[in-house]
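Encoded as structure tokens, the structure appears first; notes follow it.
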Amino acid sequence: MEPKKIESDERKMILKSVFDTWKRKVRLKKDKAESVRIKLEQREKLDNLMKVLKKYKKEQKGDVKFEEIKPKVAAHSFRNRFEAQKSTIEKLTLKLEEKDRLIDELKLGILDKDALKSLNQTKIEIREIFANCSAKVRCKLPPPPDYSEKFMISTQKAPKIVQEMEEKALERAKRRELILERKRRIEENRQRMIAEALEKKRIQDEEEKKRSLETMKDRRRKELELEKIKQANRLILLEKLKKAAALHRRNLLKKSFRSLLFNYLESKNNHERSVSHYRTKLLSRAVAEWLNFVELKYCDKNALADAVFAKKILTKTLTTWREARLESVRAMQVAEDFYDLLLLNNTFVHWHRHVCVQIMSREKQMKIAQNHYKR
């Protein structure tokens, strides 16, 4: 009856330990999955908050807004795109600044170039005119009607020098009109070229802006498609992870119960073997060992009794010897005290007698001396 009870207790203990181990592992896995889910939810909330803040910031700045469905992704996935857009905006800004600077320089350069060219051309024409002019050569061109009336002399008998001066004045007026007309045409051409350059620059800027917007739209569309693909892959991965977790849980349960059954059978076999071993070998050996142990205990008790007896005898002997010694010491001290007392008494008696004899002898001698002195 007792071995069966021990076997049932051991079986219960083994089952309890295995079940506690399995329960602890399951709890750890549940806690780990719960912590991962909480982290994902927190990250998703943080990403949504960052998106809302970015959207609000874009609305405040008045940037171009696109109506699109933004998937819920992590904030760090937009980092490369943000850096690329930022670098693109910086490059476009630098290009626009460079183009504005070139336009300003071009305007100033065109004006300087046209003015210098007009001045040089005027100088060349003036030098050619003055080089070709002489007193003997006359200009065959008829003078302009506007200036002919001003510079004509009514008389035909004017001096030759006056006629030459009038002709030169007419030529100068004509050259001045030609120079002014050329300057006006140059100014018109310059203004037209500047307007064409500005219009061309504006068209190029608009085309560049359209191309950049189209590029950004294409990039954004590709990113959205890629993000959708990632979301789909993530959902597929999560579904596969759930299936894998369920399969792992099922396999783990099978393995746990299989190991539990194996341990139970092994413990049962070990118990049966231990019972047979106990019945065949250990019982006889235990009885022999018990007899030896009892014999050893009796021997130890006898030795202890002998030791106690010897100790008691020795203690009693030493006590008696100590008491006898104390009595002898006391008797010796009493004897010494009595001896000293008797010796001192006898000594004082003899000393007193000797002193008395000496005093009597001295008085006798003093009397003899006084009698002898008085004689």
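The values are calculated or read from the model by the stated rules, or taken from the named source; none is laboratory data. Not measured: the values here are computed from a predicted model. Using ideal geometry, Cβ is built from the backbone for each residue, glycine included, and neighbour counts are taken over all protein chains shown.
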Residue within the stretch 197-211 that is under 27 Å from residue 83 (Cβ atoms) and surrounded by 14 or more Cβ atoms within 10 Å (Cβ to Cβ) present: yes
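Touching a Cys at 6+ places or on another chain (Cβ under 9 Å) and modelled with pLDDT of 65 or more: which single residue out of 181, 208, 167 fits that description?
Working: 181 fails: touching a Cys at 6+ places or on another chain (Cβ under 9 Å); 208 fails: touching a Cys at 6+ places or on another chain (Cβ under 9 Å).
When all the criteria are applied, what remains is 167.
Quick grid of which residues meet (1) within 56 Å of the chain's Cα centre (by Cα); (2) charged (D, E, K, R):
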site	(1), (2)
172	no, yes
184	no, yes
193	no, no
230	yes, yes
242	yes, yes
271	no, no
274	no, no
Any hit, the stretch 270-287, residues being within 21 Å of residue 9 (Cβ to Cβ), assigned to a helix (DSSP H, G or I), in contact with an Asp or Glu (Cβ under 6 Å, 6 or more places away or on another chain) and in contact (Cβ under 8 Å) with a residue 40 or more places away in the chain: yes
Members of the stretch 8-26 found to be more than 18 Å from residue 257 (Cβ to Cβ) and either charged (D, E, K, R) or in contact (Cβ under 8 Å) with a residue 60 or more places away in the chain (or both), listed by number: 9, 10
